[in-house]
Every structure is written in C-alpha cells, then in structure tokens.
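To keep things clear, I will list the structure first and then write my remarks on it.
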Amino acid sequence: MQELVISVFGMSGFINLVKVLFRNYYRGVDLSEISDLERREFGFQFFDKEGMIRHIAFRNGDELRHYLISNVPSHVYYSSALYNDPANQDMDAKGWLGADLIFDIDGDHLPTQNCQGVELMTLECLNDATEEVNKLIDFLIEDFGFSDSSIKIFFSGHRGYHVHIELPDVRGLTDEERREIVDYLLLRGFDIERLIRGNTVLIDAGLRGIGGRLASLIHELDPDLLSTLSNDRRRLSKYVIRKLKSLNPIVSERLSTHVDEVVTMDVHRLIRMPNSLHGKTGLRVVRISPSDLERGVEFVIDKAVQFRKGSLTLRLIKKLPVRRVLGEDVSGDEGSIVKVPTYLAYT
C-alpha cells in the first residue's frame, strides 16, 4: 500500500527491499500452469517505470524465468490468446490462433456494501467476490456443461478471482459469441415467462441450471407461488404469470453473476500470469480449487501469502481507512509508527 505507508528507511529503500523479495521468489517460480507458453504474448509493469512493456515472447520457461529474475517486474501478464508470432507489435500480424475463455470477478466491480469504496483489500469484500465466483462455477457446470477439470480458478492476488477455460472448443469463439455468454451470465434481458411453455413449467428445484436456481429463489421469496407452479400443471393463469414476471428485477439482481464483461469478450486480453506476484499486495496469483473456496477466504489468502518471515516497521502517511487488513488488526493515525508482518506491510 505504497500510497498509505512508508518504511522507516524511506520509500526508495522500501521498494528496493520489495524487489529483493520478488527476485528471490521468481528464482523458484512454478510456471507449470502456463499452457502453450511459447504462443503467448507477455506484458510487464515495473516498480520504477511508468506504463507497460508488452509484445514480448519466450521460447520456454527458462527464458521467462531469467527475464523475471533480471528485470523484477511489479506485475506480470500474459495473453489469453495464442499467436503464431506473439512478439510481433502489429496485432494483425501476430497470427491469432484462438483465445482462452476467461472471466474476471473483482471486488472493485461488485455492488455490495463490503466492496463499495474500499481502498484496501478486506476479507469481507473478498468473501463477496467468492460468492460471485461460486455462482459463476455453477453456471459454467450446470448451464454450459463444462466439467470441473476444465475450469481453472485463480485468486487474482488482490480483491477477486480469474477463471480460465482452455479447451480447444472455446478458443475459437468470436468476441460476439463471448458476448452472448456474458449476456447469459448477467441475465441481460431475462424474462421468467420464457420458462413457461404451455403447460410445461421449467421452474423446479429438481432441474439443473437456471430453472433449479429460480425455484430455490421463488421458494425463498414466495413459497405459495412455487407450490402453485409445482402442483398446477394446467396452463397457468394470467395472474400467476404476472406475479412471476414481477420477480424479473429481483431474479436478475440475485441470480446474475457480476463478471467484467470486457475481459471475457476481448480475444486479445492480457491477464495476470498464474503464480506471478501482484505488485500492489505481494500476494501470489495462486490456483485454487472449489474445495479451497469452501474453506473460506482466510484459507485462500493463506495459500497466496509468500513473505512470511520477519516484520517491517512503517510510518503511516495517512490514517488507514480500515482497522483490519487480511484479518490482522492494524490501526493508526497519520504519522503513527506500526510494526507488522512483512507480507502485511506490502499489502
């Protein structure tokens, strides 16, 4: 949190220390999560330079690791797309071969009380993002038919998650086809009446996908209405249909998944490289499983923490906007001196 704290030995000294920590980490970084490495474009941001350097490619993991150790970037990105010539600076000349299907769920974009206006990462905001990624995984499996094994979930290193699908069948999807997927996840234009076809009502807790989720929500909101749908298989009355349609706004709000639609639709997108370190927090972009999510956000954070040894003494430039950071009590006014674990000092 370089805008909020400064080490007692100065900001330049603090950045130098962070670069040492990052360099040591990258000496042993696990690059096995990067599929088709030689076909991807890489981009980097640095602690002491403005902007991003991109259109860089590597023939193998050893070249990439050497670059990370030698240059110590603050942020590392790679392309969702695969190219014939990923280092070509002319996008049209790169030779697009397809792109992974990627979803970004970030606390910055969630309309929840825990996330709105939060400057620092909090467990409460990350918990809201976790609920969203669980909804997304349910959509991907129940509605789109993807298997558990085809879905890769990564903690972003800050306030959210990235979900990758690298199957050949999805890599060829156009930006418009990806837009349709996003529209479905956002329930854009959703109308309950579409699930009523004559005397067939596709709203039932026993159904997979949207029909089952909708039944659970209606049971919560109006159990009598769900009972009517379950017991009366004749053509529904206009009154019942109007009552169902009145729920459309609530359904869209409660059942939709808040993904960053631009990330999913962009077939040339750069996304954080798996197992890289997040330059704002020092946390690892770590792969997690659905069972990890079930164990809670503190478990997720624990998997992402790298700098566990030692502590740092910091002077606060301004009062901290929150009292707890990553589950640790940290408080102080402007000018206060605080001593915190190394990983927390950088967060």
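Odds and ends about this structure:
- Remark: accessible surface ordering of 265, 273, 52 (largest first) is 52, 265, 273, probe radius 1.4 Å.
- Distances between placed amide hydrogens fall under 5 Å for residue 306 paired with 284, all partners being 5 or more residues away or on another chain.
- Karplus-derived 3J(HN,Hα), 6.51/-1.76/1.60, for each residue of the stretch 75-87, Hz, glycine and proline x: 9, 10, 10, 9, 7, 5, 8, 10, 9, 5, 9, x, 8
- Within the shell of other residues whose beta carbon sits under 12 angstrom from the beta carbon of residue 245, the net charge comes to +2, with Lys and Arg scored +1 and Asp and Glu -1.
- Count Lys and Arg as plus one, Asp and Glu as minus one, and take only other residues whose Cβ is under 12 Å from that of residue 297; the net charge is then -4.
- Database remark: amide H of residue 151 closer than 5 angstrom to no amide H (H placed geometrically; neighbours at sequence offset of 5 or more, or on other chains; Pro and chain starts carry no H).
- For the stretch 146-217, the Cβ-based charge dipole about the Cα centre amounts to some 220 debye (Lys, Arg positive; Asp, Glu negative; other atoms uncharged).
- Farthest positive-ward along the stretch 135-188 dipole, Cα basis, beta-carbon charges - from 155, 173, 145: 155
- Relative to its residue count, the stretch 173-287 spans a Cα convex hull of 151 Å³ per residue.
- Taking 16 Å as the cut-off, the amide N atoms of the stretch 195-232 that come nearer than this to a point 7 Å along the Cα-to-beta-carbon line of residue 253 belong to 217-218, 220-222.
- Under the Karplus curve 6.51 cos²θ - 1.76 cosθ + 1.60, θ = phi - 60°, whole-Hz ³J(HN,Hα) for the stretch 283-299, x wherever Gly or Pro sits: 8, 7, 7, 9, 6, 10, 9, x, 5, 4, 4, 5, 7, x, 5, 5, 5
- Karplus-derived HN-Hα couplings along the stretch 41-53 (A = 6.51, B = -1.76, C = 1.60, θ = phi - 60°), whole Hz, x at Gly and Pro: 7, 10, x, 9, 10, 10, 5, 10, 9, 8, x, 10, 9
- Around the amide H of residue 41, modelled in the peptide plane, lie the amide H atoms of 79, all under 5 Å away and 5 or more residues distant in sequence or on another chain.
- Cross-link check: pairs 135/280; 49/303; 152/280; 19/49 evaluated at a Cα-Cα cut-off of 18 Å; pairs beyond the cut-off: 135/280; 49/303; 152/280.
The values are calculated or read from the model by the stated rules, or taken from the named source; none is laboratory data. Please read these numbers as outputs of a predicted model, since none were measured by experiment. Don't worry about glycine lacking a Cβ; one is built from the backbone with ideal geometry, like all the others, and counts go over all protein chains shown. The accessibility values were calculated without ligands, DNA or RNA, using every heavy atom of the protein model including side chains. Shrake-Rupley method; radii C 1.70, N 1.55, O 1.52, S 1.80 Å.
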